[in-house]
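Student: Before anything else, here's the structure in question.
The values are calculated or read from the model by the stated rules, or taken from the named source; none is laboratory data. Here the structure is a predicted model, which is why all the values come from computation and not from measurement. Using ideal geometry, Cβ is built from the backbone for each residue, glycine included, and neighbour counts are taken over all protein chains shown.
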Amino acid sequence: MKSFQTIKYWIFDLDNTLYSGKTKVFEQVDKKMSKYISEKLNVSIDEAKKIQKNYFYEYNTTLNGMIKNHKIDANEFLEFVHDIDINFLKKDIKLYKEIEKLDGKKIIFTNGSKKHAINVTTKIGINQLFDDIFDIVDCDFIPKPSIEPYKKLIEKHKIDPKLSVFVEDIARNLKPAYEMGMKTIWIENDEPWAKKFSDSDFVNYKTNDLSEFLRKINLEKIA
Ligand SMILES: [Mg+2]
């Protein structure tokens, strides 16, 4: 358990990591992105979905593809796609307790917006626990898994990667973190895109229950 005892920086992705993908919160965001593209480019929803997928695969976020190809206003996009109903989300007391117990800095590192991160974490009751939300604006709109945002994050918080853990549901986003020396935890899920590469060496740990995993870390049961 020594390895987790030395950790000073706990870095978490937001969507489908700090809350379950089963909540379908991100599906709402996904639908809003299709709607945005459909309206902006004056195409059908079906066509918009195709464009959205292509951009996501090619540019790692739909937003990045829209900026590169259509020079859209990023803030307008973020505002629009994160305007969703999350009132059904419940407080996650167990997650609160376990994150609170972790020693060191706690940071959210997301390809989404700060406002969305605040909305979601407030709803599940964990918003007070984080030292920073490093969002896509902080990343200069260059998303994970490009190396640039990881470097920016490290620089901003003077992070020593060797004393850090990064938790994510999209396996490929763990690769740069691992290569920089961070410990990596993959949130297990069946989304083909997120699952791809999850059997790679750069995935140190896997869990389908973040609270439970952190509980074991806090109890020093996981090395
Ligand atoms: Mg995620």
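Student: Out of all the residues in the stretch 165-174, is one or more more than 19 Å from LEU18 (Cα to Cα) and of a type outside the set (A, V, I, L, M, F, W, C)?
Tutor: For the stretch 165-174, residues more than 19 Å from LEU18 (Cα to Cα) and of a type outside the set (A, V, I, L, M, F, W, C): absent.
Each row is one residue, and each column tells you yes or no for (1) without any contact (Cβ under 8 Å) to a residue 12 or more places away in the chain; (2) within 16 Å of the ligand (Cβ to nearest atom); (3) of a type outside the set (Asp, Glu).
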| site | (1), (2), (3) |
| --- | --- |
| ILE99 | no, no, yes |
| ILE107 | no, yes, yes |
| LYS114 | no, yes, yes |
| ASN119 | no, yes, yes |
| GLY125 | no, no, yes |
| ASP138 | no, no, no |
| GLU155 | yes, no, no |
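Student: Now a separate question. If you go through the stretch 44-59 one residue at a time, do you hit one that is in a helix (DSSP H, G or I), in the same structural domain as ASP132 (by TED's automatic domain parsing) and either among the hydrophobic types (A, V, I, L, M, F, W, C) or over 30 Å from THR6 (Cα atoms) (or both)?
Tutor: Checked against the condition, which is being in a helix (DSSP H, G or I), in the same structural domain as ASP132 (by TED's automatic domain parsing) and either among the hydrophobic types (A, V, I, L, M, F, W, C) or over 30 Å from THR6 (Cα atoms) (or both), the stretch 44-59 yields no hits at all.
Student: For PHE80, indicate whether it is more than 16 Å from the ligand (Cβ to nearest atom), more than 19 Å from ILE108 (Cα to Cα) and assigned to a helix (DSSP H, G or I).
Tutor: Answer is yes for this residue.
Student: Quick check on my filter: what residues within the stretch 183-223 are among the small types (Gly, Ala, Ser) and outside any loop (DSSP other than H, G, I, E, B)? Talk me through it step by step, then tell me what you get.
Tutor: To start, the set of residues in the stretch 183-223 that are among the small types (Gly, Ala, Ser) comprises 194, 198, 200, 211, 223.
Residues satisfying the conditions are ALA194, SER211.
Student: Any idea which of ILE185, ILE170 is in contact with a Lys or Arg (Cβ under 8 Å, 6 or more places away or on another chain), at pLDDT 95 or above, closer than 30 Å to LYS68 by Cβ and surrounded by 17 or more Cβ atoms within 10 Å (Cβ to Cβ)?
Tutor: One residue alone meets the criteria, ILE170.
Student: Read through the list (1) crowded, with 21+ Cβ neighbours inside 10 Å; (2) more than 20 Å from SER20 (Cβ to Cβ); (3) in contact with a strand residue (DSSP E or B) (Cβ under 8 Å, 6 or more places away or on another chain), then give the number of the only condition that ILE136 fails.
Tutor: Unmet condition: (3).
Student: Can you tell me which residues in the stretch 162-182 are within 11 Å of the ligand (Cβ to nearest atom) and in a strand (DSSP E or B)?
Tutor: Answer for the stretch 162-182, where residues must be within 11 Å of the ligand (Cβ to nearest atom) and in a strand (DSSP E or B): VAL167, GLU168.
Student: Mind listing whichever residues of the stretch 188-204 are more than 16 Å from the ligand (Cβ to nearest atom) and surrounded by fewer than 17 Cβ atoms within 10 Å (Cβ to Cβ)?
Tutor: Correct list: ASP199, SER200, ASP201, ASN204.
Student: I need the full set of residues from the stretch 1-47 which are surrounded by 17 or more Cβ atoms within 10 Å (Cβ to Cβ), touching a residue at least 60 places away in the same chain (Cβ under 8 Å) and more than 11 Å from the ligand (Cβ to nearest atom), in order please.
Tutor: Within the stretch 1-47, PHE4, ILE7, TYR9, TRP10, ILE11, THR23 meet the criteria.
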